[in-house]
Amino acid sequence: MIEVSGVWKLFGDASEAALAAIRSEGIGKSEVLERFNVVVGVADVNLDVQRGEIFCVMGLSGSGKSTLVRHFNRLLDPTAGSITIDGTDVTALSPTALRSFRNKTIGMVFQNFALLPHRSVIDNVAMPLEIRGVNKNARLRQAASILDVVELGAWGNKFAHELSGGMQQRVGLARALAADPDVLLMDEPFSALDPLIRRQLQDEFVRLSASLKKTTVFITHDLDEAVRVGDRIAIMRDGRVVQIGTAEDIVMNPADDYVADFVAGISRLKIMRAHAVMQTIDAWQASGGSLTADAPRQPADEPLSTLITLAIDNDSPIVIEEDGRDVGVVTRSDILRTIIEGAEVS
Amino acid sequence: MNRLDEPSVLLGGETAANALAAERRNRVPQFVRTHTDYYTRQFEHIGNRSGFTPTFNMMAGLLGSIWFGARGLWNWAVMFLIIEVVGFVQIARGLFGDLAAGARERVASIENTLELRRQQLASAIESGSDKIAVYERTVKSLEDNIGGIRLEAQAMEEQGVWIALSGLVVLFLVKLVQALVANTALERRFSDWLSDPTVRHGMPTRDSVLAAIFVVVILVTAMLHYSFPGSIALLSEFPTLPSIRLTAISVVEGFFSFAVLHGEVLFDAITRGIRLLLDTLELVFVQTPWIVIASFIILLTWLSAGVSTAIFSGAFLAYMGLLGFWDKAMTTLALLGTAACLSIIIGIPLGMFAARRPRFYSAIQPIMDFMQTMPAFVFMIPVIAFFGTGKPAAVVTTMIFGGTPVVRLTVLGLRGVPEHVREAAVSFGASKWYLLTRVDLPLAAPSIRAGINQTIMLSLAMVVVASLIGAKGLGEDVLEALQYANVGQGILAGFAILFCAMILDRIVQGARK
């Protein structure tokens, strides 16, 4: 759906020359700043986002994640590289085509909501349709139905600034959905909210996107959020993508020390699945273990937390099955070992 | 040992604390360059005390402002230099100065008169005139007078020692202060330098030489001038070149006469445009029956600012009507309205254009400063040259003075539109026109409205000045009252202007809510 290849973004007057120097001499970020007075925002990013998936881009502030995502609707022009969304080469769009593309294909949600304070909630939600030139009654009907989806149906006539932060961000989400875009870009949408509201909105968002099935690029600096929301996660550092994978991939096989440090604090209970905890049937039998017929059985993608609950009540090891075959065994000691490994790192 | 007045260093921070102290110590030599050991010790000492710690820096005391200048502490140097100059001048004046010069001049002039009178007396005695007694009295009183002034001169000459002594005391005290504060000032500069390496440090030759020359030149000229007044003519008067001024005047005049001659078409067009608007507004305000205008104004204030303000504005209008200011007030409003309308029509688009073009804005900013600060009487001269006297010239003068706030506040308002809101609109495919009309202008509206308000108020302030070049209206009454010192009329007309301003302000400002 979204194909990003070789995207570079350098800020500064001499960005072309700096990019040439980076490519030919391989100089680093600080040297580029020193020699060309050019800041590297995004460095050689390649990624593919599948249709309907929630793709998290994660990194600390200054890692280039917001910069990267702003290329998808060309709020920023890349210095080099190409971005294709649903077959459209975004970088080649003319100004008019770009406006229509932004309006129809992409909806964006912003960290600080970015609502128009002098307009009512429903007018804010209807804004993309207004820009498209939809007549007033039609766009208000559409906006009202979307507002109902985010459970703000009764608030349409209030001014945006009268709402709480959480509600404002729901308005922001409704506005992004109003034009029924194929792609949602969410730029740290829940970062400005307090933790309780944030959890609530994350859950709501996950439910909502399960039914809407929009391709979503979700930026966050919070790994817990990325794990909770994302199907896949890309971790960025200094403008580069250092690892792409599912939450489990990243937690189990961090690409480098930086990622390892990052994931150290994450709770393994929700992320780890049975196939990562188990020992194979052969290994189990080789070490003299036996299988009882009444042993509990679980599929291979069951999270660790379910296995723990089972292991508390059952003394016998849990048999893990995949495609109807028994593939492995999880004992209490396997579970405990997994947990302690996670704890040691953190 | 745990002393109560000292915060105990947190556990584990000990090494970091030591490292910082060492870093500070090690960098002192790099900062001071000379006498490194001395300053390291002094800075350490100052750091160990809270509050001001007097230390004694002999060199700073001896060299004074030169030391401070050479160390780059220029603000201290300049302050000390002023006091030093006072001290030195007093000493020089006391020792070498001719303190009684003034008194002696007076003695000399009286002596001349006395001589004359004596001759007159002598000739009177010779001719046996009856004025002998009169002349004798005059001579006597002049002689007494001279005696008094002589005594005064003598006393003044004796004061010389004391003046010199007071100068010496001042000098001694300032040297003492210099020696005491020098290290503290330098230590503070050192702390600044640690965070900002561009701060002056060491003893740059440039600063040292500059300080020495500066101090010597100032001291020598000041002492020369006060000790031997008039000995060097150059010191007492700024050398002028009358020819430069004459040429400058003729160049400026030449430019304006050229502009008047060749810009006639342009100025005529502007005049005609202003006239058109002005005549229309005058027709509306002056020719319409007063009752229509008054009820319209009251309605307008009621709509925008509420009932109580409407009642007030009704009272204000009654004041103008009953005291016979109605027609004049309407003429003023027409004039003012024309100026304000034109300012707004030009100003808001200009502000919109300038808001996102910083270079253009910084280019027009000095022009706007010029328009606002140049005294009205100065730009009235060329305005009269271009437009002649009369109402169009008054409108132009008013626009020059009052037209800038609307531009400035439009720019301010547009720049204050949050960038993320604009970005959001762009991300949904907004065109430039949509961005301007639906995002920028509504969000900047409060600021723009404040600008319009400011422009109207400033224009009103020009009413009296505008009446100088032939604009009729309330200003004329004030001007007339000024010419004939007619307090009553002046104050009443002044109030009428004030009420106009208040009504306009409420109409514009009320809508801001």
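Per residue, what accessible area does segment A:271-345 have, given a 1.4 Å probe and all protein chains present, in Å²? Numbers along the way, then the final one.
Working: 4160 Å² over 75 residues.
Result: 55 Å² per residue.
HN-Hα J couplings of segment B:155-163 from phi, Karplus 6.51/-1.76/1.60, θ = phi - 60°, integer Hz, Gly and Pro as x?
4, 5, 5, 5, 5, x, 4, 5, 4
Any idea how far apart B:LEU224 and A:THR88 come out in nm if each label point goes 7 Å out from Cα toward Cβ?
The two pseudo-label positions are separated by 8.1 nm.
Report, in cubic angstrom per residue, the convex hull volume of the C-alpha atoms of the protein assembly as shown.
It comes to 368 Å³ per residue, whole-number rounded.
Given contacts defined as C-alpha pairs under 8 Å and at least six residues apart, what's the relative contact order of chain B, whole-number percent?
Values: 543 pairs, mean separation 75.0, N = 513.
The normalised contact order for chain B reaches 15 percent.
Of the accessible area of the protein assembly as shown, with the probe set at 1.4 angstrom, what percent is carbon plus sulfur?
Numbers: 27290 of 45020 Å².
That share works out to 61 percent.
Let me know the longest stretch in chain B that avoids all chymotrypsin sites (Phe, Trp or Tyr not before Pro) found in a DSSP loop with at most 11 other C-beta atoms within 10 Å. Write down the numbers at each step before the final one.
Numbers: sites that count: B:PHE52, B:TYR484.
Value returned for the longest uninterrupted segment is B:53-483.
Counting only residues 5 or more places away or on other chains, whose amide H sits under 5 Å from the amide H of A:GLY328 once H atoms are built in the peptide plane?
Result for A:GLY328 returns A:ILE281, A:ILE320.
If you plug each phi of segment A:266-273 into the Karplus form 6.51 cos²θ - 1.76 cosθ + 1.60 with θ = phi - 60°, what whole-Hz ³J(HN,Hα) values come out, in order, with x for Gly and Pro?
7, 6, 7, 4, 8, 8, 5, 10
Grab the beta carbon distance between B:TRP433 and B:ASP505, set R0 = 35 Å, and tell me the FRET efficiency rounded to 0.05.
Details: r = 33 Å, r/R0 = 0.93.
Once the sixth-power term is evaluated, E becomes 0.60.
Which residue, B:ALA485, B:LEU173, B:LEU342, has the largest displacement toward the positive end of the dipole of the protein assembly as shown when charges sit on each Cβ (Lys, Arg +1; Asp, Glu -1)?
B:ALA485
Provide the solvent-accessible area of B:THR389, counting protein heavy atoms only and rolling a 1.4 Å probe, rounded to the nearest 10 Å².
Roughly 100 Å² of B:THR389 is accessible to a 1.4 Å probe.
Using helices alone, I'd like the mean residue ellipticity at 222 nm for chain A: each DSSP H run of four-plus residues gives -39500 (n - 2.57), total over residue count, nearest 500.
Numbers: 17 runs with 150 residues, N = 346.
Using -39500 (n - 2.57) per qualifying helix, the result is -12000 deg cm²/dmol.
Given the -39500 (n - 2.57) contribution per DSSP H run of 4+ residues, what per-residue ellipticity at 222 nm results for chain B, rounded to the nearest 500 deg cm²/dmol?
Computed ellipticity for chain B at 222 nm equals -27000 deg cm²/dmol.
Just to verify a number: FRET efficiency for B:THR34 and A:TYR258, C-beta to C-beta distance, R0 = 60 Å, to 0.05? Don't jump to the answer; show the numbers that get you there.
Numbers: r = 48 Å, r/R0 = 0.80.
Computed FRET efficiency for B:THR34 and A:TYR258: 0.80.
Hey, can you find the accessible area per residue of segment A:129-267 for me, probe 1.4 Å, expressed in square angstrom? It would help to have the intermediate numbers written out before the result.
On the way: 6260 Å² over 139 residues.
Using a 1.4 Å probe on heavy atoms only, each residue of segment A:129-267 averages 45 Å².
Would you calculate the separation in nanometres between label points at B:GLU419 and B:PHE255, each defined as 7 Å from the Cα along the Cα-to-beta-carbon direction?
Between B:GLU419 and B:PHE255, the label points sit 4.0 nm apart.
Between B:THR15 and B:HIS45, how many nm apart are label points set 7 Å from Cα along the C-beta direction?
So the two model labels end up 3.4 nm from each other.
Give me the extension gain from A:GLU321 to A:ALA210: residue separation times 0.36 nm, minus the current Cα-Cα distance, reported in nm with one decimal.
Values: separation 111, 0.36 × 111 = 39.96 nm, distance 2.67 nm.
Contour length minus Cα-Cα distance gives 37.3 nm.
From the residues B:ILE364, A:ALA283, B:VAL32, which one has its Cα farthest along the dipole of the protein assembly as shown in the positive direction, the dipole being from +1 and -1 charges on Cβ of Lys/Arg and Asp/Glu about the Cα centre?
B:ILE364
Short version: ³J(HN,Hα) in whole Hz for each residue of segment B:245-251, in order, from phi by Karplus 6.51 cos²θ - 1.76 cosθ + 1.60 (θ = phi - 60°), x for Gly and Pro, what are they?
Karplus-based 3J(HN,Hα) across segment B:245-251 equals 5, 4, 4, 4, 4, 5, 5 Hz.
Positive end of the charge dipole of segment A:182-330 (Lys, Arg +1 and Asp, Glu -1 on Cβ, about the Cα centre): tell me which of A:THR220, A:GLN243, A:GLY265 has its Cα farthest that way.
A:THR220
For segment A:177-230, which trypsin sites (Lys or Arg not before Pro) pass both filters: DSSP loop (anything but H, G, I, E, B) and at most 16 other C-beta atoms within 10 Å?
Details: sites: A:ARG198, A:ARG199, A:ARG207, A:LYS213, A:LYS214, A:ARG228; in loops: A:LYS213, A:LYS214.
Answer in residue order: A:LYS213.
Just reorder A:GLU3, A:GLU248 by solvent-accessible area, largest first, 1.4 Å probe, all chains present.
Numbers: A:GLU3 90, A:GLU248 25 Å².
Most to least solvent-accessible, the answer reads A:GLU3, A:GLU248.
Got a number for the accessible area of A:ASP294? Probe 1.4 Å, square angstrom, nearest 10.
Result for A:ASP294: roughly 130 Å² accessible.
Solvent-accessible area per residue for chain B at a 1.4 Å probe radius, Å²?
Values: 29260 Å² over 513 residues.
Heavy-atom SASA per residue in chain B reads 57 Å².
Among all helices in chain A defined by DSSP H, which have a length of 18 Å or more along the axis from Cα atoms plus a Kyte-Doolittle mean of at least -1.0? Intermediate values should be presented prior to the final figure.
On the way: long enough: A:136-149 (20 Å, -0.18); A:165-178 (19 Å, 0.14); A:195-212 (25 Å, -0.12); A:332-345 (20 Å, 0.14).
Membrane-span-like by this criterion, though nothing is claimed about a membrane: A:136-149, A:165-178, A:195-212, A:332-345.
Report the accessible surface area buried between chains B and A, summing both sides, using a 1.4 Å probe on protein heavy atoms only, in Å² rounded to the nearest 100.
On the way: alone 30150 and 16530 Å², together 45020 Å².
The contact between A and B buries close to 1700 Å².
Any chance you could check the Cα centroid distance between segment A:1-71 and segment A:251-287 for me, in angstrom?
That distance is 31 Å.
Would you please give the residues with an amide H less than 5 Å from that of A:THR79, counting only those at least 5 places away or on a separate chain, with H modeled from the backbone geometry?
Result for A:THR79 returns A:TRP8, A:LYS9, A:LEU10.
By accessible area of protein heavy atoms, probe 1.4 Å, what ranking do B:HIS225, A:HIS161 get, highest first?
Working: B:HIS225 60, A:HIS161 120 Å².
Heavy-atom accessible area, descending, gives A:HIS161, B:HIS225.
If you count, for every residue in A:112-125, the Cβ atoms of partner chains within 10 Å of its Cβ, what is the mean?
Numbers: counts 4, 3, 9, 3, 7, 4, 6, 3, 0, 0, 0, 1, 1, 0.
Mean shielding by partner chains, rounded to a whole number: 3.
Per residue of B:414-427, what is the mean number of Cβ atoms on other protein chains within 10 angstrom of that residue's Cβ? Don't skip to the end; give the middle numbers.
Numbers: counts 0, 0, 0, 0, 3, 1, 7, 7, 1, 6, 15, 5, 6, 17.
The shielding value for this peptide is 5.
Please compute, for peptide A:98-108, the average count of beta-carbon atoms on other protein chains lying within 10 Å of each residue's beta-carbon. List each step's numbers first, then the result.
On the way: counts 1, 7, 1, 1, 5, 4, 2, 1, 3, 2, 5.
The per-residue average across the peptide is 3.
Using Cα centres only, tell me the gap between segment B:380-420 and segment A:133-195 in whole Å.
43
Measuring from the lowest to the highest alpha carbon on each principal axis, how far does chain B reach, largest first, in angstroms?
Taking max minus min along each principal axis of the Cα atoms, chain B gives 111, 84, 53 Å.
What does a probe at B:SER231 reach in segment B:73-95, counting residues whose amide N is under 19 Å from the point 7 Å along Cα→Cβ?
Of the residues in segment B:73-95, B:85-95 have backbone N under 19 Å from the label point off B:SER231.
Treat every Asp and Glu Cβ in segment B:72-192 as -1 and every Lys and Arg Cβ as +1, leave all other atoms uncharged, and give the resulting dipole magnitude about the Cα centre to the nearest 20 debye.
On the way: 12 positive and 15 negative charges, 53 e Å.
The calculation lands at about 260 debye.
Rolling a 1.4 angstrom probe over the protein chains, ignoring ligands and nucleic acids, what is the accessible area of A:VAL241 in square angstrom, nearest 10?
Accessible area of A:VAL241: about 40 Å².
Setting aside same-chain residues fewer than 8 positions from B:LYS391, which aspartates and glutamates have a Cα under 20 Å from its Cα?
Straight-line reach from B:LYS391, under 20 Å: B:GLU264, B:ASP268, B:ASP279, B:GLU282, B:ASP327, B:GLU476, B:ASP477, B:GLU480.
Rank these by accessible area, largest first, 1.4 Å probe: A:VAL39, A:VAL57.
A:VAL39, A:VAL57
Counting only Cα, what are the radius of gyration and maximum Cα-Cα distance Dmax of segment B:33-142, in Å?
31.6, 94
Sort chain A into rounded, prolate or oblate with this rule: let a ≥ b ≥ c be the square roots of the eigenvalues of the Cα gyration tensor; rounded if a/c is under 1.5, and if a/c is not under 1.5, prolate when a/b is larger than b/c, oblate otherwise.
Working: a/c = 2.38, a/b = 1.41, b/c = 1.68.
Oblate is the answer for chain A, as a/c is 1.5 or above yet b/c matches or exceeds a/b.
My understanding is that a pair violates if its Cα-Cα distance is over 24 Å; which of A:LYS136/A:LYS158; A:LYS158/A:LYS213; A:LYS9/A:LYS270; A:LYS158/A:LYS214 do that in this structure? Working shown, then result.
Numbers: A:LYS136/A:LYS158 18 Å; A:LYS158/A:LYS213 29 Å; A:LYS9/A:LYS270 36 Å; A:LYS158/A:LYS214 28 Å.
Distance filter (> 24 Å) returns A:LYS158/A:LYS213; A:LYS9/A:LYS270; A:LYS158/A:LYS214.
Which far-off residues, 5 or more places away or on another chain, put their amide H under 5 Å from the one on A:VAL57, with H placed in the peptide plane?
A:PHE218, A:ILE219, A:THR220, A:ALA234
The values are calculated or read from the model by the stated rules, or taken from the named source; none is laboratory data. Keep in mind the model is a prediction, meaning the values are calculated, not measured. Because the Cβ atoms are built from the backbone with ideal geometry, glycine has one as well, and the counts that use them run over all protein chains shown. For the accessible areas, the whole protein counts, side chains as well, though only heavy atoms, and no ligand, DNA or RNA atoms are used. Shrake-Rupley method; radii C 1.70, N 1.55, O 1.52, S 1.80 Å.
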